[in-house]
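First comes the structure, then the notes that go with it.
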Amino acid sequence: TLVGLMGIYSSSKTENVRATAASTLSRLLRNSPGLVGGVLDRWGQRLLLTGLADSSSKVQVAAVNMLNQALSQPEVAPKLAGLLTQEQGLLPAAMGLLDHSLPLLRAKAVVSIVLLCRLSPQWLLECCQQKLVLHMERLTRDKDTCTQDAVVLLRQEMSGAVKHICSGIAEQLAIMQNNQNRCSSSGSGSSGACLEQLQVVLHLVTSPFFRPAVVDGQLVQMLAEFLLAVPAEGPGGEAGSVAEFSNTLLHVLEALSQVS
């Protein structure tokens, strides 16, 4: 059944036939979630990337439904993360739905972003670099109730996401300090990616929409501790990432100082 549906979906030039096949696939996977992992392994790129970018909104709805279902399954999400890493066009295709004329697709795309952010802070950073904040600030004026609910959910998620990011940064800074004291550079390979995530905080605290959800006394205290904990220079080849982190931290603190 799956092979036949994928054959119809991939080869049909008729929009209604293609949409019916995609919708049937989506319903089949919803009713048989154990099939999702195998489908991603075999057809993930063709199914999701082409589906999200399809000219038919019905196909796009089916594709984003399958994307969200995969992201909602803890045992499947790592496979999808690997697919997202390999296929650079998948995240922009999902982000592109935030501008869709169909309210249902806009709302489902916001849910996709929420689920991606839960998967890893790195995906939240990727979304921010693709102008997530501007998209959300525009969608706050959306008259569709479902879209508004999804945007509010994303805003609520950001508080926990920022705390999680800052906790990870604090742990990384402690490791770097210990390594520096021992004149060791072990474990420094992952520090750059971790410190880079402070850029998410900068994106959010400079947004009038997200700022009230993420800024509180705990965040300010953690940022102050970062100032004291950041090493004078990074271990090994990490000097550049430490300098970039320090610069981002100063920008975050400057943004907070301007809040009335």
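Does region 56-73 contain any residue that is open to solvent by 30 Å² or more (accessible area, probe 1.4 Å), more than 30 Å from residue 159 (Cβ to Cβ) and touching a residue at least 24 places away in the same chain (Cβ under 8 Å)? Yes, that holds for at least one residue. Taking the criterion of being hydroxyl-bearing (Ser, Thr, Tyr) and surrounded by 13 or more Cβ atoms within 10 Å (Cβ to Cβ), the only residue of region 28-52 that qualifies is 50. Residue 161: more than 30 Å from residue 227 (Cα to Cα), touching a residue at least 40 places away in the same chain (Cβ under 8 Å) and within 14 Å of the chain's Cα centre (by Cα), yes or no? Answer is no for this residue. Being of a type outside the set (A, V, I, L, M, F, W, C), in a helix (DSSP H, G or I), in contact with an Asp or Glu (Cβ under 8 Å, 6 or more places away or on another chain) and modelled with pLDDT of 95 or more is a property that holds for residue 60. Applying the criterion of being among the β-branched types (Val, Ile, Thr) and in a helix (DSSP H, G or I) to the residues of region 132-155, the residue that is surrounded by the fewest Cβ atoms within 10 Å (Cβ to Cβ) is 145. Does residue 25 count as touching a residue at least 40 places away in the same chain (Cβ under 8 Å), farther than 20 Å from residue 98 by Cα, touching a Leu at 6+ places or on another chain (Cβ under 9 Å) and open to solvent by less than 30 Å² (accessible area, probe 1.4 Å)? Yes: the conditions hold for residue 25. Among the residues in region 74-85, are any open to solvent by 20 Å² or more (accessible area, probe 1.4 Å), part of a helix (DSSP H, G or I) and modelled with pLDDT of 85 or more? Checked against the condition, which is being open to solvent by 20 Å² or more (accessible area, probe 1.4 Å), part of a helix (DSSP H, G or I) and modelled with pLDDT of 85 or more, region 74-85 yields no hits at all.
The values are calculated or read from the model by the stated rules, or taken from the named source; none is laboratory data. As the structure is a computational prediction, the values presented were derived from the model and not from experiment. Here the Cβ is made from the backbone with ideal geometry for all residues, glycine too, and neighbour counts use every protein chain on show. The area values use the complete protein model at the heavy-atom level, side chains included, leaving out ligands, DNA and RNA. Shrake-Rupley method; radii C 1.70, N 1.55, O 1.52, S 1.80 Å.
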